[in-house]
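Undergrad: If you scroll down you'll find the structure; I have some questions about it.
The values are calculated or read from the model by the stated rules, or taken from the named source; none is laboratory data. All figures in this text were calculated on a predicted structure; none of them were measured in a lab. Please note: Cβ atoms are built from the backbone with ideal geometry, for glycine as well, and neighbour counts cover all protein chains shown. Protein only, heavy atoms only, side chains kept; ligands, DNA and RNA dropped before computing areas. Shrake-Rupley method; radii C 1.70, N 1.55, O 1.52, S 1.80 Å.
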Amino acid sequence: MIRSVSIKNAVKDALEIFQFDQWIRFYFVQEKDNELFVDIPNEVMDTIKEKTPGLHPFADLVNNAVTDYKRSQDNVCSFIAARLDGQKYEATILPQVFDNATFKVEMYIFNVWLKMHEQHLDEESMTFDDWMEMYEGWNSLEEVAEYRSKLLESGTDPQVPTCNTAQ
């Protein structure tokens, strides 16, 4: 099997997994007995399996499980390590992704979008595809492109999750 050495593609794949986790936590976290649980309805799981089959195993992993920030980060990092590191990409690629300026800036920009649009996103539950379509529309705005360029040029290191398990 030929494994990719494209950091650009690995950044895109890792970002998608982080974004998918954010979508799950945004819509499907419920409080039960003073703990937070991921509770994805069966029909949503079926849609995930149909529309984004590569992400379905992640949804399956976290569904019906207790969650918090650390568990979420551990789950994402473990999933990335299991699915991408040494599988889809050469083993040297994923550790470079999390130190990559583009990855850090893109995660930061996604989180800015999430904070800016939280009220709208809260109005009705959206599919992951619809969520990402909305994000891509906003992300393609000239103002966002200018902001991204400024962040990349400044060498600013936005605080984003790190994955020690993928190293």
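Undergrad: Using label points projected 7 Å from each Cα along Cα→Cβ, tell me how many nm separate Glu50 and Asn9, to one decimal.
TA: 2.9
Undergrad: So what is the accessible area of the stretch 44-115 per residue, in Å², with the probe set to 1.4 Å? Walk me through the numbers on the way to the answer.
TA: Numbers: 3410 Å² over 72 residues.
Roughly 47 Å² per residue, with all protein chains present.
Undergrad: Compute, for Val66, the solvent-accessible surface of its heavy atoms (probe 1.4 Å) with the complete set of protein chains present, and express it in square angstrom to the nearest 10.
TA: 40
Undergrad: Please work out how much length the chain gains when fully extended from Leu114 to Met134, using 0.36 nm per residue of separation minus the C-alpha to C-alpha distance, in nm with one decimal. Please list the in-between numbers first.
TA: Details: separation 20, 0.36 × 20 = 7.20 nm, distance 1.06 nm.
Taking Leu114 through Met134 to full extension adds about 6.1 nm, to one decimal.
Undergrad: Determine the gain in length on full extension of the stretch Lys32-Arg71; use 0.36 nm per residue of separation and subtract their C-alpha separation, reporting nm with one decimal.
TA: Working: separation 39, 0.36 × 39 = 14.04 nm, distance 1.66 nm.
Full-extension gain reported as 12.4 nm.
Undergrad: Probe radius 1.4 Å, ligands and nucleic acids left out: which of Met134, Met45, Met116 has the largest accessible area, and how do the rest follow?
TA: On the way: Met134 45, Met45 15, Met116 125 Å².
Sorted by accessible area, descending: Met116, Met134, Met45.
Undergrad: To continue, here is another question. Accessible surface of Thr47 in the full protein assembly, 1.4 angstrom probe, to the nearest 10 Å²?
TA: 60
Undergrad: Measure off, as a whole percent, the carbon and sulfur share of the 1.4 Å-probe accessible area of the chain, all protein chains present. All intermediate terms of the calculation are to be shown ahead of the outcome.
TA: Details: 4570 of 9640 Å².
With neighbouring chains kept in place, the figure for the chain is 47 percent.
Undergrad: While we're here: At 7 Å along the Cα-to-beta-carbon direction for both Val144 and Gln96, put a label point, then send me their distance in nm to one decimal.
TA: Going from the Val144 label point to the Gln96 one covers 2.7 nm.
Undergrad: Using the basic label-point model (7 angstrom from Cα toward the beta carbon), what is the Glu16 to Asn42 distance in nanometres?
TA: With each label placed 7 Å out from Cα toward Cβ, I get 2.8 nm.
Undergrad: Which value, in Å² rounded to 10, gives the accessible area of Ser154 with a 1.4 Å probe and all protein chains present?
TA: 70
Undergrad: Okay, moving on. Gap in Å between the Cα centre of the stretch 100-147 and the Cα centre of the stretch 40-59?
TA: That distance is 21 Å.
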